[in-house]
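For reference, the structure discussed in these notes is given below.
The values are calculated or read from the model by the stated rules, or taken from the named source; none is laboratory data. No experiment lies behind these values; they were computed from the predicted model shown. Reconstructed Cβ throughout: ideal geometry from the backbone, glycine too, with neighbour counts over all protein chains shown.
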Amino acid sequence: MSPCRDVMSISLHSGVMASDGITVFMADAQNGADYNKPYSDNQLSRQSCERLKKQISVENLITLDQRHSADITEVNAMNFTSVNGSAGDGLFSSGIELALGIMTADCFPVMLAGKKYIAALHCGWRGTVKGIIDNAAAMFAEHGDAPEYAYIGAGISKDAFCVRDDFIAEVKRYIDPEKYLSEKNRGRFFDLARLIKDRLKYHNVGIVESLGVCSYRDKRFHSYRRDGKDAGRSLSVIYRRGH
């Protein structure tokens with residue numbers, strides 16, 4: 001996977017192992033791109049999305065008002081307008097040329113594809129321990145499909161994700177965190193990427209493609225932990241192309 005280097009273009013880190021007909025990528029922060037709430041009156045975000053849609057020749061791009069939940073919404077051509085900008089952290093669709101977008105700034109975007117359906121998930125630690133990947137797998141199964149491919153974009157690495165006792169206590173409400181914790185310099189660090197990969201393995205996702213980049217350490221990507229409230233958002237997208 002390698003980003004586009006055209007200085008006039010949005011920089012895209014594309015997945016290359018998805019089946020024919022699936023396009024998946026993560027757009028980073030280079031060239032001033034920021035996708036924080038493009039469904040709102042955020043002018044920069046709207047401009048970034050319009051640039052991106054023009055670059056990839058897609059008319060319909062949907063994003064959500066993300067809340068760190070495990071809630072996933074099915075979207076199609078009929079409900080596209082009402083779902084766009086609604087509350088939630090995952091999108092699920094069998095639509096053609098309907099681009100599903102997830103915004104992140106240290107959380108991981110996880111994009112899934114089966115034979116007919118696709119999904120885009122906002123996998124921060126809260127949503128992941130609450131079961132957003134499990135919920136997505138269940139939706140695939142309910143529609144007679146299964147996720148065969150996953151693309152994991154940039155997110156915060158274990159070595160940058162120092163956590164406190166209150167974090168560990170909250171995680172314990174849902175899973176045993178010990179497998180994902182390590183100690184260094186008197187601090188405790190959480191391996192969110194490993195948790196995500198474990199959930200994908202549990203659901204028998206055969207191909208898992210990971211960008212393998214830390215959003216906190218790599219300034220090509222937006223990072224809330226690095227930049228605080230001024231952080232923008234990177235955007236990851238998956239869609240099924242028409243014939």
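Observations, loosely collected:
- Residues satisfying the stated conditions in the stretch 46-61, i.e. free of Cβ contacts under 8 Å to residues at least 60 places away in the same chain and either small (Gly, Ala, Ser) or not in a helix (DSSP H, G or I) (or both): Ser57, Glu59, Asn60
- Scanning the stretch 94-128 for residues that are surrounded by fewer than 24 Cβ atoms within 10 Å (Cβ to Cβ) and of a type in the set (S, T, N, Q) turns up just one, Ser94.
- Screening the stretch 82-200 for helices (runs of 4 or more DSSP H) wholly inside it with 2 or more residues that are farther than 26 Å from Asp230 by Cα, in contact with a His (Cβ under 8 Å, 6 or more places away or on another chain) and at pLDDT 95 or above returns the ranges 132-142.
- Filter pass, Tyr35 being out of contact with any helix residue (DSSP H, G or I) (no Cβ under 8 Å at 6 or more places or on another chain), over 29 Å from Gly144 (Cβ atoms) and not acidic (Asp, Glu): no
- Within the stretch 204-211, one or more residues are more than 17 Å from the chain's Cα centre (by Cα), touching a residue at least 24 places away in the same chain (Cβ under 8 Å) and at positive phi.
- Of the residues making up the stretch 12-23, one or more are at pLDDT 95 or above, crowded, with 19+ Cβ neighbours inside 10 Å, in a loop (DSSP other than H, G, I, E, B) and under 15 Å from the mean Cα position of the chain (by Cα).
- Every pair of residues 6+ apart whose Cβ atoms lie under 6 Å, when the first sits in the stretch 159-176 and is within 12 Å of Phe190 (Cα to Cα) while the second is assigned to a helix (DSSP H, G or I): Val171/Val129
- Some residue of the stretch 42-59 being surrounded by fewer than 16 Cβ atoms within 10 Å (Cβ to Cβ), touching an Asp or Glu at 6+ places or on another chain (Cβ under 8 Å), under 21 Å from Met139 (Cα atoms) and not acidic (Asp, Glu): no
- Test: residue in the stretch 74-87 that is surrounded by 15 or more Cβ atoms within 10 Å (Cβ to Cβ), touching a residue at least 60 places away in the same chain (Cβ under 8 Å) and hydrophobic (A, V, I, L, M, F, W, C): no
- Residue among Ser157, Ser182 that is small (Gly, Ala, Ser), in contact with a Lys or Arg (Cβ under 9 Å, 6 or more places away or on another chain) and crowded, with 19+ Cβ neighbours inside 10 Å: Ser157
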